[in-house]
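The values are calculated or read from the model by the stated rules, or taken from the named source; none is laboratory data. If you're wondering where the values come from, they're calculated on a predicted model, not measured in any experiment. Every residue, glycine as well, gets a Cβ built from its backbone with ideal geometry; the counts of neighbours run over all protein chains shown.
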Amino acid sequence: MVALYTRRIDADPLDAYAYASRAEYYDSLHNRTEANADMRRWSAIVNQGTSVGWGLGRSRTLVRSINDPLGYQLVVFLERQEDGMYTSCIAFGQKGRCEMKLFEIPMVVTSLVGLCFLAGRETPVARADFTFGEPVNIESGFPLFDPVNDAIDCFSADGLEMYIDSNRGGGQGDYDLWVYKRASPEDDWGPPENLGPVVNSASMDQAASITADGLELYFTSMRPGGYGNDDLYVTKRTTRDSPWGPPTNLGPNVNSCYHDFAPSVSSDGLELYFTRWNPPGGYGASDLYVSKRATRNDPWGPAANLGPAVNSPANEALPSLSPDGLLLVFQDYGGGVLRPGGYGGGDLWMTRRASRSAPWEPVANLGPTINGPSGEYRPCFAPDGSALYFGRDNFPYSKAPILPIVDFNGDGKVDGKEVLAMAEHWGQSKSLYDIGLSPMGDGVVDANDLTVLAGYIGQEVNDPTLIAHWALDETAGMTAADSVGDNDAMVLGNAVWQPTGGKIGGALAFDGKDDFARSAKFVLDPSKGPVSVIAWVKGGATGRVIVSQLGAADWLYLDQYGMLATDVMSSDRKSGKSLTSSAFMIDDQWHRVVLTWDGTNRALHVDGVDVAGDTQPSLTVSSGNLIIGAGKLLAPVTFWSGLIDDVRVYNRAVQP
């Protein structure tokens with residue numbers, strides 16, 4: 001292989017890909033001298049036209065070169081600076097081209113990260129790889145949709161058919177199945193077409209789900225001849241242009257003498273999720289079940305309850321499986337008991353799994369962007385996984401975009417740190433970094449994800465999970481502005497603005513006597529779901545508090561030994577306890593301190609390093625205003641003495 005790439009270099013001395021590949025083979029042969037020489041040549045080529053500091057005079061050492069089968073190359077190497085310090089350098093682009101994106105990251109960052117891919121160290125699985133954008137009314141895109149009588153059931157995989165159930169006029173009975181069609185995703189939808197008497201009956205027919213090939217349509221029907229009140233049926237067609245055939249009952253393995261309704265079939269047609277009402281041995285008034293089969297030609301196997309990780313004493317119903325089969329969204333709305341921790345009269349919830357063979361994980365609420373005081377119901381994924389459709393009481397049907405999380409560490413920008421994090425988990429199934437092709441990923445960290453990430457580099461980050469941000473860059477006055485919302489804080493006492501004295505721009509100096517800043521209103525209840533609070537700090541003293549919630553808990557503070565700690569904890573007497581690190585903070589240096597909770601795991605981080613962690617299955621409910629620079633009770637011994645800068649609050653667990 002060395003000879004092969006040497007011939008390529010002889011033919012084209014500017015073939016950057018050949019130099020990097022030959023360096024990798026030299027490295028595997030333990031010829032570090034030739035490997036580093038090729039890396040210097042590679043660097044000079046890919047950096048044509050950049051700053052003079054990228055010349056051949058500096059020492060570079062290859063760390064890792066990844067050649068992706070889709071035609072992309074990722075190269076990570078170390079460069080020794082003139083002062084003797086090292087910088088981690090990352091380049092990403094298409095093989096054989098000089099135009100590659102290049103990033104420099106000081107080793108003070110990468111050394112703390114530990115260059116995990118060198119040692120093979122596993123990091124905790126992060127779970128916030130996507131979020132929801134603001135829901136919009138769908139009526140402009142579906143002018144013939146009747147939000148009073150229509151409900152969206154499913155879309156065909158190519159996005160050219162949308163199935164609904166409706167009791168509009170012109171049907172066969174009560175609720176019927178209808179379909180909207182269009183010639184291409186760019187065209188308008190045509191008028192709804194009733195599936196006709198072959199499929200629909202004089203009884204209620206609704207809640208359809210279609211396989212990815214478009215040849216099987218599963219639905220609920222109350223027609224005679226079933227096993228109970230509601231049964232699940234399937235209608236089939238031989239081609240996409242053929243008419244649907246007579247429905248077939250799915251039989252006693254799936255249906256029961258109870259209500260079996262609202263199917264959601266996996267894209268490969270091998271799993272069927274549905275709701276069963278009042279099941280014996282169940283967990284609540286309605287539970288979610290699944291039936292499986294080995295091939296499309298096999299019968300469906302016995303239905304199995306999804307168990308206590310998903311089902312509860314509440315009403316779990318109307319599941320919708322994502323196109324990749326790794327996310328299941330459902331409602332608890334419909335009468336009876338609601339799941340605790342919701343936002344109103346019935347919410348949408350989700351459970352995830354790492355692969356199609358992995359178990360479903362504990363349930364999480366979709367959050368306040370989707371859920372509100374009214375009841376939310378009938379979730380349905382867009383065919384490419386880019387959006388979620390759902391209904392809401394007293395509101396039109398809505399569509400919420402599903403957005404990738406690209407600012408992994410919560411610093412407000414996308415740069416080489418995100419690229420490095422992706423490189424560390426290359427080829428793994430790490431959901432935080434798996435953001436392509438769709439925002440929900442494809443199960444592996446690869447060139448698809450780097451391609452998506454590259455589109456955000458250098459762009460302004462619009463992160464819906466950032467719910468409050470006090471940059472503390474003001475020069476005067478008593479107001480610390482919240483840059484993302486309406487949570488401005490009032491600065492009290494004798495705190496002094498430091499316009500040029502912060503870690504990022506300005507900062508606020510506290511005298512340790514009576515200075516603090518308080519948000520004008522409640523910002524976040526940490527018990528509602530994942531949370532992160534981040535701040536840059538310098539100075540401090542034992543027992544002093546960085547961020548707290550009035551009357552509730554000290555979120556970030558220094559204990560009696562000057563170590564970073566948190567009192568955000570569960571109310572449960574057995575598991576609820578403070579978390580204290582061994583990270584000494586009183587050294588008159590800037591430090592980035594972070595508290596994260598992902599719904600289960602609580603952790604403290606300093607300068608990108610995990611310094612403490614444990615499990616907290618829940619957090620105490622709290623609703624006080626946020627305090628910067630003092631404790632929850634504003635006790636004199638808790639006032640911060642030093643500088644605080646760039647305070648951020650996220651409703652996700654960042655990966656510092």
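Conditions tested, residue by residue: (1) closer than 19 Å to D153 by Cβ; (2) in contact (Cβ under 8 Å) with a residue 40 or more places away in the chain; (3) among the β-branched types (V, I, T).
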position	(1), (2), (3)
G281	no, no, no
G284	no, yes, no
Y289	yes, no, no
A309	no, yes, no
P323	yes, yes, no
F330	yes, yes, no
V337	no, yes, yes
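Would you mind stating whether A476 is crowded, with 21+ Cβ neighbours inside 10 Å, among the small types (G, A, S) and assigned by TED's automatic domain parsing to the domain that holds Q549?
No, not satisfied.
Search the range 120-138 for residues being part of a loop (DSSP other than H, G, I, E, B) and exposed (fewer than 14 other Cβ atoms within 10 Å of the Cβ), and hand back the single one that is modelled with the highest pLDDT.
Looking at the filtered set, the residue picked out is E134.
Among the residues of the range 251-271, is any outside any loop (DSSP other than H, G, I, E, B) and under 22 Å from P197 (Cβ atoms)?
Step one: of the range 251-271, the residues outside any loop (DSSP other than H, G, I, E, B) are 259-265, 271.
With the extra rule that they be under 22 Å from P197 (Cβ atoms), the set shrinks to 261, 263.
Checked the range 251-271: at least one residue is outside any loop (DSSP other than H, G, I, E, B) and under 22 Å from P197 (Cβ atoms).
Take S267 and tell me if it is in the same structural domain as N365 (by TED's automatic domain parsing) and modelled with pLDDT of 95 or more.
In short, no.
Which residues, taken from the range 433-486, are more than 16 Å from N409 (Cα to Cα), aliphatic (A, V, I, L, M) and in a strand (DSSP E or B)?
A480
Residue by residue through the range 529-560, note down the ones that are more than 24 Å from T600 (Cα to Cα) and part of a loop (DSSP other than H, G, I, E, B).
Passing the criteria: G540, A541, T542, G543, R544, Q560.
Pull up the range 448-469, narrow it to residues that are buried (at least 18 other Cβ atoms within 10 Å of the Cβ) and among the polar types (S, T, N, Q), then point me to the one that is nearest to G133 (Cα to Cα).
Here the answer is T465.
Okay, residues lined up against (1) of a type in the set (G, A, S); (2) within 19 Å of E316 (Cα to Cα); (3) buried (at least 18 other Cβ atoms within 10 Å of the Cβ):
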{"site": "N253", "(1), (2), (3)": "no, no, no"}
{"site": "A262", "(1), (2), (3)": "yes, yes, yes"}
{"site": "V265", "(1), (2), (3)": "no, yes, yes"}
{"site": "L272", "(1), (2), (3)": "no, yes, yes"}
{"site": "W277", "(1), (2), (3)": "no, yes, yes"}
{"site": "Y283", "(1), (2), (3)": "no, yes, yes"}
{"site": "R296", "(1), (2), (3)": "no, no, no"}
{"site": "P302", "(1), (2), (3)": "no, no, no"}
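Looking only at residues that are of a type in the set (S, T, Y) and surrounded by fewer than 22 Cβ atoms within 10 Å (Cβ to Cβ) in the range 550-580, which one is modelled with the lowest pLDDT?
S575
Restricting the range 191-233 to residues that are of a type in the set (S, T, Y) and assigned to a strand (DSSP E or B), which is nearest to K181 (Cα to Cα)?
This residue is S209.
What tally of residues in the range 389-431 results from selecting those that are at negative phi and not in a helix (DSSP H, G or I)?
29
Being among the charged types (D, E, K, R), out of contact with any Lys or Arg (no Cβ under 9 Å at 6 or more places or on another chain) and modelled with pLDDT of 90 or more is the filter here; which residues of the range 139-187 pass it?
Within the range 139-187, the subset among the charged types (D, E, K, R) is 139, 146, 150, 153, 158, 161, 165, 168, 174, 176, 181-182, 186-187.
Still in the list and also out of contact with any Lys or Arg (no Cβ under 9 Å at 6 or more places or on another chain): 139, 165, 168, 174, 181-182, 186-187.
Result: D165, R168, K181, R182, E186, D187.
Taking L524 as the residue in question, decide whether it is in contact with a strand residue (DSSP E or B) (Cβ under 7 Å, 6 or more places away or on another chain), assigned by TED's automatic domain parsing to the domain that holds D486, closer than 30 Å to E361 by Cα and in contact (Cβ under 8 Å) with a residue 60 or more places away in the chain.
Criteria met by L524.
Looking at the range 141-161 only, could you name the residues that are over 28 Å from the mean Cα position of the chain (by Cα), outside any strand (DSSP E or B) and not hydrophobic (A, V, I, L, M, F, W, C)?
Across the range 141-161, the qualifying residues are P143, D146, P147, N149.
Is it the case that the range 581-595 has a residue that's part of a loop (DSSP other than H, G, I, E, B) and of a type in the set (G, A, S)?
Narrowing the range 581-595 to residues part of a loop (DSSP other than H, G, I, E, B): 585-590.
With the extra rule that they be of a type in the set (G, A, S), the set shrinks to none.
No, every residue in the range 581-595 fails to be part of a loop (DSSP other than H, G, I, E, B) and of a type in the set (G, A, S).
Looking only at the range 603-627, how many residues end up being under 18 Å from I546 (Cα atoms) and part of a strand (DSSP E or B)?
9
Does Q655 satisfy the condition of being among the polar types (S, T, N, Q), assigned to a loop (DSSP other than H, G, I, E, B) and buried (at least 22 other Cβ atoms within 10 Å of the Cβ)?
Taking the combined requirement at face value, the residue satisfies it.
Just need a number here: residues in the range 494-503 that are assigned to a loop (DSSP other than H, G, I, E, B), surrounded by 15 or more Cβ atoms within 10 Å (Cβ to Cβ) and of a type outside the set (K, R).
The number of residues fulfilling the criteria is 3.
Do the conditions hold for A23, that is, is it under 16 Å from R7 (Cα atoms) and at pLDDT 75 or above?
So A23 fits the description; yes.
Among the residues of the range 497-505, is there at least one that is basic (K, R) and assigned by TED's automatic domain parsing to the domain that holds W640?
Of the range 497-505, the ones basic (K, R) are 503.
Imposing the further condition that a residue be assigned by TED's automatic domain parsing to the domain that holds W640 reduces the set to 503.
Scanning the range 497-505, I find at least one residue that is basic (K, R) and assigned by TED's automatic domain parsing to the domain that holds W640, so the answer is yes.
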